[in-house]
Every structure is written in structure tokens, then in C-alpha cells.
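Structure, as C-alpha cells:
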Amino acid sequence: MSQTPSTQRIAITKDGPFLVSGGLPLSEQWIVTNKAGESLEYREGKKYATSAEYALCRCGQSGNKPFCDGTHAKSRFNGTETASRQPYAEQAEVTEGPAMLLTDAQNLCAFARFCDPKGRVWNLVQQPDSPETRQLVKHEAGHCPAGRLIAWDRKSGRPFEPAFEPSIALIEDTAKEVSGPIWVRGGVPIVSADGETYEIRNRATLCRCGKSSNKPFCDGSHAE
């Protein structure tokens, strides 16, 4: 994970938008699927001009998406944060395999479905060790945008984490034909409305439809 400059962060405002500072790059990431609708890869879409600061809509009702236009005040959006402040390691359950481990904090699920192909990652990690199986587990867990799933090398205890520069992506779900969460990558600090910083992680997804029951994080409600 890259070192994040101290100026780069996302601040959550009370019942208002995400305030992004530090010139974080912003782009679209479209989920690429096969004919069966299974999530396979990401394809970069629109790149937005880099701004030192900008506000991203959190209520889901802006007329200037992905940016805030003040609609949250008119609609009386309730953005109360309900997510656990526990570290990921304390929330996650562990699935053990012969060569790898899989940790899973289910409440962070953003419903991107990269974990489903080829028999599902929870089953794959328990299969006899082979280069093909290892690669599948690393790919499926590593493509989980929320970091709900993390694959670990059992011998060394090290996680297989994708390398990200600090950046923000807007996930577009081609199979569900819906806009997904705000994908925060590369260890960008996320600061709550009460001034506390959530655990800094390589991957996290923030709700931008306003419907999550795990605010500020996505819980897959956009797909409904």
C-alpha cells in the first residue's frame, strides 16, 4: 500500500456529503462480466479532472452526480453513521485451507460478486493446493472492492493485497445496471462526522445511494 500524503483524506459531514481533499484522483470503474453475468474484472471508464478538493454526494439524490449539489439539505437526508468502529481483524471470520486463509467481514459486503465464479472463493480456498487454485483465490478476494474478503498466505501470515495508489473510483455495476459504491483505494483515511478516523485500510467502499444500513460504508443496498 502506498504512503498516503497527510493532506489526502475523506471527511464525512453530518447528514451531508463526503468532503475529499488532497487532490485524490477520481474515475469510474465498470464491472466486466461474462455471458453468465459473473463478475470478472474492472474496466476504467470516465476520468474526472483532478481537483484539490471536492464533495461527493452521499444522499443519492444530487442532480449533479457524483458531486453534491445541496439536495441533502432539502430532502432532510439522515446520514447517521452506524458502522462498527472495531478493527477488521475483530470483525472477520476465518476460512482455513491447506495453503491459504480467507478472512471475511460479511457486514462490509458491497455486492460486487467477484467472489462467486468457479465455485465461490470460500470453497476454492479449501481445495487442494495448486497454482491455479491459489491464483483464483487471490484474484477473487483481491477484487472485493470493500476489502470484505482478504486472502492470506498460511505459512508466512501475509495478506495478498492489490497495490493501489491513493485514489477514488465510482463502481458501475453492468450486470445489475446500477451505480455501485464509492471505492476508496490505497489507504486513504476516512474521518467520521465526530472527528474519529476509521481503521485505515487498502480497500473500502462508501455508500452513495443513501440507503445503506451500515453508513458510511456500502452494504449492497444499491442493487435492490
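The values are calculated or read from the model by the stated rules, or taken from the named source; none is laboratory data. Everything numeric here is computed off the predicted structure, so don't read it as measured data. Note that each Cβ is placed from the backbone with ideal geometry, even for glycine, and that neighbours are counted across all protein chains shown.
A few comments on the model shown:
- Number of the condition not met by Ile150 [criteria: (1) at pLDDT 95 or above; (2) not in a strand (DSSP E or B)]: (2)
- The single condition from (1) within 22 Å of Asn214 (Cβ to Cβ); (2) in contact (Cβ under 8 Å) with a residue 24 or more places away in the chain; (3) surrounded by 13 or more Cβ atoms within 10 Å (Cβ to Cβ) that Arg85 fails is (3).
- Residue within the range 163-180 that is farther than 22 Å from Ile31 by Cα and either among the basic types (Lys, Arg) or in contact with a strand residue (DSSP E or B) (Cβ under 8 Å, 6 or more places away or on another chain) (or both) present: no
- Lone qualifier among Lys35, Lys74, Lys47 - being charged (D, E, K, R), touching an Asp or Glu at 6+ places or on another chain (Cβ under 9 Å) and surrounded by fewer than 12 Cβ atoms within 10 Å (Cβ to Cβ): Lys47
- Contact map, the range 204-224: first residue on the phi < 0 side of the Ramachandran plot, second residue in a loop (DSSP other than H, G, I, E, B) and among the β-branched types (Val, Ile, Thr), Cβ cut-off under 6 Å, separation 6 or more or different chains; pairs are Lys215/Thr82.
- Given (1) more than 29 Å from Thr13 (Cα to Cα); (2) among the hydroxyl-bearing types (Ser, Thr, Tyr); (3) touching a residue at least 24 places away in the same chain (Cβ under 8 Å); (4) crowded, with 18+ Cβ neighbours inside 10 Å, number of the condition Thr133 does not satisfy: (3)
- Boolean, Trp122 is among the hydrophobic types (A, V, I, L, M, F, W, C), touching a residue at least 12 places away in the same chain (Cβ under 8 Å) and farther than 29 Å from Lys47 by Cα: yes
- Candidates Leu108, Leu102, Leu124 - the one that is closer than 28 Å to Gly37 by Cβ and in contact with a Leu (Cβ under 6 Å, 6 or more places away or on another chain): Leu124
- Any chance Lys35 is charged (D, E, K, R) and modelled with pLDDT under 95: yes
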